[in-house]
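Worksheet: the structure to be examined is printed underneath.
The values are calculated or read from the model by the stated rules, or taken from the named source; none is laboratory data. Just so it is clear, the structure is predicted and the values come from calculations on it, not from any experiment. Cβ sites come from the backbone with ideal geometry, for glycine too, and all protein chains shown count toward neighbours.
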Amino acid sequence: MPSSRFAGSLTTPKLVVAIDMGNPFLNVTVDGFLKVGAVAATRSLAEDAYYAVKRGSVSTRNMEHTLKKMCKEGAYWGTVAGMYVGMEYGMERIRGTRDWKNAMLGGALTGALISAASNKHKDTVVMDAIAGGAIATAATFINYLT
């Protein structure tokens, strides 16, 4: 049976944003906000572009809706990412060590704060804190594997 192989390497583009806020905590928080916010806004733009092509028309109203959606999604996901990165960095500084526990605690605090700001149910806040901690911990473990 014939077979073939692919040899080579793939590298991802690296975006370096250098904004010095004068404080390392603020630097990582703003960096997380900008990077993830830009990704969320781009995702929203791509999604709306797909629907415009599918409809076969573009209008000023649709473009205004897309712009508003891009800003809203970028601000929301950028805020969540900025909070998480800041919380994880804060945990690292408080605990004096860099390990998966910082991700877990940062994710749990971020999940709880985002949930508390948008929900009034205590059970939902606790569940979102657990989910945030679990997702952040899993992402850290997956990152260790690669």
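Points worth noting:
- Remark: pairs (first residue in the stretch 122-141, closer than 17 Å to GLU92 by Cα and not assigned by TED's automatic domain parsing to the domain that holds LEU105; second residue charged (D, E, K, R) and not in a helix (DSSP H, G or I); Cβ separation under 6 Å; 6+ apart in sequence or on different chains) are absent.
- Restricting the stretch 1-43 to residues that are at pLDDT 90 or above and of a type in the set (D, E, K, R), the residue that is surrounded by the most Cβ atoms within 10 Å (Cβ to Cβ): ASP31
- Scan of the stretch 117-146 for residues that are part of a helix (DSSP H, G or I) and either of a type in the set (Lys, Arg) or within 13 Å of VAL80 (Cβ to Cβ) (or both), ordered by number: ALA117, SER118, LYS122, ASP128, ALA131, GLY132, ILE135, ALA136
- Within the stretch 53-69, considering residues that are modelled with pLDDT of 90 or more and among the hydrophobic types (A, V, I, L, M, F, W, C), the one farthest from VAL80 (Cα to Cα): VAL53
- Residues in the stretch 57-103 that are surrounded by fewer than 18 Cβ atoms within 10 Å (Cβ to Cβ) and more than 21 Å from LEU45 (Cα to Cα): GLY90, ARG93, ILE94, ARG95, GLY96, THR97, ARG98, ASP99, TRP100, LYS101.
- For THR124, the conditions (1) closer than 20 Å to LEU34 by Cα; (2) at pLDDT below 95; (3) among the hydroxyl-bearing types (Ser, Thr, Tyr) all hold with the exception of (1).
- Some residue of the stretch 67-83 being outside any helix (DSSP H, G or I) and either in contact with a Ser or Thr (Cβ under 7 Å, 6 or more places away or on another chain) or within 30 Å of THR11 (Cα to Cα) (or both): no
- Among the criteria (1) touching a helix residue (DSSP H, G or I) at 6+ places or on another chain (Cβ under 9 Å); (2) of a type outside the set (Asp, Glu); (3) at pLDDT below 95; (4) farther than 26 Å from LEU45 by Cβ, the one ALA108 does not fulfil is (3).
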